Amino acid sequence: LGPGAPFAPFGTLAGLVTASVEMPQSISARVQSGINDTTLVYAGVRWMNWSVLKTLNIVGGAFGPGRITTLNNGYSDGWTFDTGVQKKLTEELSASLGFKWNSGIGGGYTDTWGMTAGVAYDLDDNWRISFGGGATLLTSSTEFNSLASTGATTIHKQPNDWAFTLGTRLQYAID
């Protein structure tokens, strides 16, 4: 396939398809403070204007040359808030605990609630090894999408679900 070549996955759509999208912008703010020699707390907030993608105009394809159809995503602006604490337990060992909430933006993108925890151990002045993990709850949703040109609507229901992650890192600091 080259530029302008017809696209036909599964033999169902054919023709040149174009769409113009304004990408969402974001604004973030973060603060952190050492509350004593061994403890650091932090918090952050981020806003993204996902609402610029509330609708998507698609030109051409199976809808016919030059024909415009609108995909109604129904997205709204999104917010993320996070907070946490890092604690130096000994000269070599530190631990962290964090929490995050991310607002759903509509469609199938729902609120998420997350928690992370980790430990780091300084093997010597240059080497550090760390281990961590997290759990995220993706809240249930019902997604409605419609094509304005055909009136077709799809409905997708998603129950609560969990995602888990584990990780490790080996770091070397160059003096």
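In the range 114-127, which residue that is open to solvent by 90 Å² or more (accessible area, probe 1.4 Å) and farther than 14 Å from G84 by Cβ is modelled with the lowest pLDDT? I'd like the intermediate steps shown before the answer.
In the first step, residues of the range 114-127 are kept if they are open to solvent by 90 Å² or more (accessible area, probe 1.4 Å); the result is 115, 121, 123, 125, 127.
Still in the running and farther than 14 Å from G84 by Cβ: 121, 123, 125, 127.
On the way: Y121: 98, L123: 96, D125: 92, W127: 97.
Per the stated criteria, the residue is D125.
Within the range 41-55, the residues that satisfy the criterion of being hydrophobic (A, V, I, L, M, F, W, C) and either modelled with pLDDT under 80 or in a helix (DSSP H, G or I) (or both) are W50, V52, L53.
Taking the conditions exactly as written (of a type in the set (V, I, T), open to solvent by 40 Å² or more (accessible area, probe 1.4 Å) and under 27 Å from T165 (Cβ atoms)), does V59 satisfy them or not? Spell out the reasoning first.
Working: of a type in the set (V, I, T): yes; open to solvent by 40 Å² or more (accessible area, probe 1.4 Å): yes; under 27 Å from T165 (Cβ atoms): no.
So V59 does not fit the description; no.
Among residues of the range 2-31 that are under 25 Å from Y75 (Cβ atoms) and open to solvent by 70 Å² or more (accessible area, probe 1.4 Å), those with a Cβ under 8 angstrom from a residue that is modelled with pLDDT of 75 or more and assigned to a loop (DSSP other than H, G, I, E, B), sequence gap 6+ or separate chain, pair up as Q25/N49. Within the range 148-166, none of the residues are open to solvent by less than 40 Å² (accessible area, probe 1.4 Å), part of a strand (DSSP E or B), within 27 Å of S28 (Cβ to Cβ) and touching a strand residue (DSSP E or B) at 6+ places or on another chain (Cβ under 6 Å). Return yes or no: is T80 of a type in the set (S, T, Y) and assigned to a strand (DSSP E or B)? Criteria met by T80.
The values are calculated or read from the model by the stated rules, or taken from the named source; none is laboratory data. All values reported here derive from a predicted model rather than from experimental measurement. Positions of Cβ are generated from backbone atoms using ideal geometry, with glycine treated the same way; all protein chains shown enter the neighbour counts. When the accessible area is computed, the model is the full protein with side chains, heavy atoms only, and any ligands, DNA or RNA have been set aside. Shrake-Rupley method; radii C 1.70, N 1.55, O 1.52, S 1.80 Å.
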